[in-house]
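Novice: The structure is given below, and queries will be raised subsequently.
Where a number appears in this text, it was derived from the coordinates with a stated rule and is not lab data. Keep in mind that what you see is a predicted model, and the values were worked out from it rather than measured. Ideal geometry is used to build each Cβ from the backbone, glycine not excepted, and the neighbour counts take in all protein chains shown.
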Amino acid sequence: MNKTRTSRLAWLGAVCVALAWLAVSAQTLTSADEVLDRLRANATAIETLQARIVVHTYKDGRVNLIQEMRLSLEQPDKMRQEYIAPEYMAGNVSLIVGDAMLVYIAAIETWQRSDLSELSTAEQPWLLFRQLLRSVQDELGDYAFTLREPDGGKYPLVGVPATDGAVYGSIEMWIDPETFIPTRRLLYDVDGNLIADVRILNVVEVIPGVFLARKVEAYDAEGALKNEIVYQELVVNERIDPSLFTLPTEAPNG
């Protein structure tokens, strides 16, 4: 398939998404399933995503680390995060292909296998973007959601574990009725203690009818800002060099 035809098909797909959005935008949704279907439809329209990310990490109310990295994502199960700054982290890579997650440590020129379940809750903003991958979209499927009365014009959803795969004791989300992007997520443990408060900001329309956030803030249980992540130079549904997702032959197994 040539590039012109691919571009036309991508454009037609975007138009279809926009028309579908217009057809239901005036409706008031009355169930959690309807809201979740719209949320997933927004993500499904994204085939590839590229961005430059700037991360501010806070300690005691002050920035103690600034990181910059390149993010590349391709459906349904490929994601790459490559560090640009600070200098001592430059060249480090996190690579997800299917069920494999590998981390390259540039300082020792070594690939290491990692486990997504071991990521800190402080890394929730990065994990949220990973939810765009179709292979992990069913994370929300591990919870039974109910829709509360509209709150500040948003659709509030509350999810409780419905399967053994549920990571959190409960999830609260507020979904914007125009973009169908969660504007806030509260994550609790099984005892009802708040683990993380994630706020999604600066939502933009990246292709007709499809939206992404350009800023995510993560707060701890005490309300202290831990991370501020800004997504810049967003590029959606353009071809990505497949070599970016090639698993290294020297990577460890198991």
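Novice: Points 7 angstrom from Cα along the Cβ direction at Ala85 and Asn193: gap in nanometres?
Specialist: Going from the Ala85 label point to the Asn193 one covers 3.7 nm.
Novice: On full extension of the chain, what length is gained from Glu205 through Thr28, given 0.36 nm per residue of separation minus the C-alpha to C-alpha distance?
Specialist: Working it through step by step, the gained length comes to 61.6 nm.
Novice: If I stretch the segment between Arg70 and Arg134 completely, what's the gain in nm (0.36 nm per residue apart, minus their alpha carbon distance), one decimal?
Specialist: Computed gain between Arg70 and Arg134 is 21.0 nm.
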